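The values are calculated or read from the model by the stated rules, or taken from the named source; none is laboratory data. Keep in mind that what you see is a predicted model, and the values were worked out from it rather than measured. Cβ coordinates were reconstructed from backbone atoms using ideal geometry, including for glycine residues, and neighbour counts include every protein chain displayed.
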Amino acid sequence: MELFFEQLLSRRDFLKKCGLGLAATLFLPRLLKFSSGQEAKFGFIKRKKALFYKKLSKNKIQCLLCPRGCVVFNGQRGFCRVRENRDGEYYTLSHSNPCALHIDPIEKKPLFHFLPATSALSIATAGCNFTCKNCQNWDISQARPDDTKNYEVTPEKLVEIALQYNTPTIAYTYTEPTIFYEYMLDCARIARKKGINNIYHSNGYINQAPLLKLIPFLDGANIDLKGMSEKFYKNITDGTLNPVLKTIKTLKEKGIWIEITNLVIPTKNDSRKMFEKLCKWIKNELGTETPIHFSRFYPLYKLPNLPPTPLKTLRTAASIARDTGLKYVYIGNVPGIPEENTYCPACGKTIIERKGYNINALNLKKGRCKFCRHKIPGVWQ
């Protein structure tokens, strides 16, 4: 199967490029398009029996995939819009039908301590189990698979694409991977057998049983820890905080490489108290060597009237993190600043020099600082 790359600048990408200040067009994702004539099909759905639900009376079911625990009547769908009750059986409508299929730098996930300067075959289907007011991908995350243009890509085909384009990693990203759980799990199993890594960028809103079933096939994760307040989670995401914290702790306990992203939204989660609480939690529960990314917010979706996050605020957050003892602190969505780089905590020299998604210098040797031989945590080979 042959593929070719096509640069696609959709309305959303245009807004992102203008608003996020990405340094060059080369940072835009490359859309994979099938040269065999296959095009994305509007509303293309592949139905498959869902995992993690229980049957109730009168053909109702309860979904057990995420903490929402949706009780779904016959003919209806859950909160995520992609799981449907058909005569008392639950089906996923987001299997083998991604609406996004890109090759990205691994740094875009963002993962800064995971195979730097390599690429990741990145996929998503429509839908999400959050309704974040700040969502950058709202046109697919807040849609149903019936309403997006979807490719037909089986797990076997996806792994074939990764092998063909020498991408060492498959990333489940853009929307919330939990909602296309069965597809992700099937892909990850096959990828593992072929020596391909699996990572996911998630909101962490998943129940423990499905998480534990997925973990044996995961190599890394970036979890959005959006704030340290239940009130913030309710107002901004329509979700809750505690299940996210539990997910993060479980990933850490099971040995999955994990990095944390905190999108800093002016007036919402940018108080000094919030930063201190978040950093102390990371230190106490995950350890000081866990990377934290403080990411700049730009006005999109339902928060168009807020300003972009001031760089001063992001630097305040980073300073608090370092004062708390965290060793790998980054600022994201602001290309070209020193806080994109990785510095050795022992000798202070630059180990990885970044500009946006580009790697300009890589001073690592077998996972150690090239200058002083200090061991740097991460996945390096």
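Couple of notes before you dig in:
- Among (1) closer than 30 Å to N269 by Cβ; (2) in contact (Cβ under 8 Å) with a residue 60 or more places away in the chain; (3) surrounded by fewer than 23 Cβ atoms within 10 Å (Cβ to Cβ); (4) not hydrophobic (A, V, I, L, M, F, W, C), the one test that Q142 misses: (2)
- Candidates F79, F112: the one that is under 24 Å from the mean Cα position of the chain (by Cα), more than 24 Å from G378 (Cα to Cα), touching a residue at least 40 places away in the same chain (Cβ under 8 Å) and part of a loop (DSSP other than H, G, I, E, B) is F79.
- Taking the listed residues K60, K46, the one that is outside the structural domain of S122 (by TED's automatic domain parsing) and either more than 30 Å from L241 (Cα to Cα) or at pLDDT below 95 (or both) is K46, with no other qualifying.
- Here G336 meets the list (1) in the same structural domain as P299 (by TED's automatic domain parsing); (2) over 20 Å from R296 (Cβ atoms); (3) in contact with a Gly (Cβ under 9 Å, 6 or more places away or on another chain) almost entirely, failing just condition (2).
- Apart from one condition, T309 fits all of (1) surrounded by fewer than 20 Cβ atoms within 10 Å (Cβ to Cβ); (2) in contact with a strand residue (DSSP E or B) (Cβ under 8 Å, 6 or more places away or on another chain); the exception is (1).
- Yes/no for P210 being within 26 Å of F275 (Cα to Cα), in the same structural domain as Y330 (by TED's automatic domain parsing) and either assigned to a helix (DSSP H, G or I) or touching a Leu at 6+ places or on another chain (Cβ under 7 Å) (or both): no
- Test for A120: is it modelled with pLDDT of 95 or more, in a strand (DSSP E or B) and crowded, with 24+ Cβ neighbours inside 10 Å: yes
- The residues of the range 37-76 that are surrounded by 14 or more Cβ atoms within 10 Å (Cβ to Cβ), part of a strand (DSSP E or B) and touching a residue at least 60 places away in the same chain (Cβ under 8 Å) amount to a single one, K48.
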